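Please treat every number below as a calculation from the coordinates, not as lab data. Since we're looking at a predicted model, the values are computed, not measured.
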Amino acid sequence: MSDQRTHDRHAFLAETDWADAQFIPLTGDASARRYFRTHSQHPAILMDAPPQTCGSLKPFVDMAQYLSALGLSAPQIFASDLQSGFLVLEDFGDDDFASLIDRDASLENSYYFSAIDVIHNVLDADPAQVANYDIPQLASACDLAFLHYTPQPATIMNEALTAIEDALAPFQTELRTSLRDFHAQNLHWLSKRAGVARVGLLDFQDAVNTLPSYDLVSLLRDVRREVSDDFAQSARETFAKRRGLDHDAFQNEFHLVAVQRNLRILGIFARLSQQMGKPHYVDLIPRVWRLLQADLKHPPLAKLRAQLNAILTEPDHAHLERLRQPCLTQ
């Protein structure tokens, strides 16, 4: 962090109740945002998101207000300077779902079904005032796989994107709000709260209105932790029944949206390594690939599977090592 940014951070805090608090850096995420924690008299998290690299914090603030109005637990915002890119937030602690389940695997089903209750709550509400992520945009967003994971000529990439869009077309429906990065590391258990408010929500600033299956896919096809096939199947069936959806059609949609999401993640992780100096994301690529292949094995996707696997490189040792090297043309 630059000396100027440090100065700006202290200047912001000087006007808050945390002027004298000591903030300790936390592990960052895939973005350029940084986070700090204080265990002072008023525990809190400082989000440091320089607008020139992270964009505006207004989407985070707006979504926090939207979720809170639904009775859900977004972090309370104690202080803000949107122009400079600083927020002081409620600290949900370290009990994210992934950590809790690692310590006690018997909790997995109850926590995951609580998370799915949150998804239903959002889907049942009026959509948020966020960007649409419709079928053409879902398909075009897969270009990252063909730009960064396995670079392809424009003609081949466009043929693949058209095939993905054609496969998604039957699932066109009214778009509903998705928090988008809805997975175990972004969900915290708040045991002193009740109902859906027991699930603390983070990392929702990229929320969109898209296919209703998107957050369920994000939760059950988690690139950072295993979710058993049996549980995923049970969760899908329960979800479809509760929403009154045709079982087979929803299964087809789920697998296809999972393919879309993980194609994009392959490209994101490759870009994070080669262009943003974060090669540790390459370590996750073999798992993303396994998830992608598992969903492509769904019988109705056989044609798309053959087309994609003909142009995507398997993540063998040589390819992973190439992805770890900085892109010298950037």
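Over the Cα atoms of segment 168-298, what is the Rg over Rh ratio if Rh follows Kirkwood? A ratio of 0.97. Let a ≥ b ≥ c be the square roots of the eigenvalues of the Cα gyration tensor of segment 70-121; is it rounded (a/c under 1.5), or, if not, prolate (a/b larger than b/c) or oblate? Verdict is oblate for segment 70-121. Near the amide H of Arg37, within less than 5 Å, lie the amide hydrogens of Ile24, Leu26, Leu46, all on another chain or at least 5 residues away, with H placed in the peptide plane. At full extension, Gln233 and Ser191 could sit 12.4 nm farther apart than now, given 0.36 nm per residue minus the alpha carbon distance. How about Lys303: which lysines have a C-alpha closer than 28 Å to its C-alpha, ignoring those fewer than 8 places off in the same chain? Counting by Cα, and skipping residues close in sequence, Lys303 has no lysines nearby. Close amide-amide hydrogen proximity is noted between Leu190 and Val199, Gly200, each under 5 Å apart and 5 or more residues distant or on a separate chain (H modeled in the peptide plane; Pro and chain starts excluded).
For the chain, what does -39500 (n - 2.57) per DSSP helix run (n ≥ 4), summed and divided by total residues, give at 222 nm, in deg cm²/dmol to the nearest 500? Computed ellipticity for the chain at 222 nm equals -14000 deg cm²/dmol. Given their separation in residues at 0.36 nm each and the Cα-Cα distance between them, Ala302 and Asn109 gain 66.4 nm when the chain is fully extended. Determine the distance separating the Cα centre of segment 57-97 from the Cα centre of segment 244-309; give it in Å without decimals. Going from one Cα centre to the other spans 30 Å. Antiparallel versus total DSSP beta bridges in the chain: what percent is that, nearest 5? Around 90 percent antiparallel, to the nearest 5. For segment 238-321, a/c is not less than 1.5, where a ≥ b ≥ c are the root eigenvalues of the C-alpha gyration tensor, and a/b tops b/c. That puts it in the prolate class.
For the chain, the relative contact order is 16 percent, taking Cα pairs closer than 8 Å that sit 6 or more residues apart in sequence and dividing their mean separation by the residue count. Looking at the square roots a ≥ b ≥ c of the eigenvalues of the Cα gyration tensor of the chain, which shape do they give, rounded for a/c under 1.5, prolate if a/b is larger than b/c, or oblate? Oblate is the answer for the chain, as a/c is 1.5 or above yet b/c matches or exceeds a/b.
Computed from backbone phi, the HN-Hα couplings of segment 104-120 come to 8, 5, 5, 7, 4, 4, 5, 5, 5, 5, 5, 5, 5, 4, 4, 4, 4 Hz, rounded to whole numbers (Karplus: 6.51 cos²θ - 1.76 cosθ + 1.60, θ = phi - 60°; Gly and Pro given as x).
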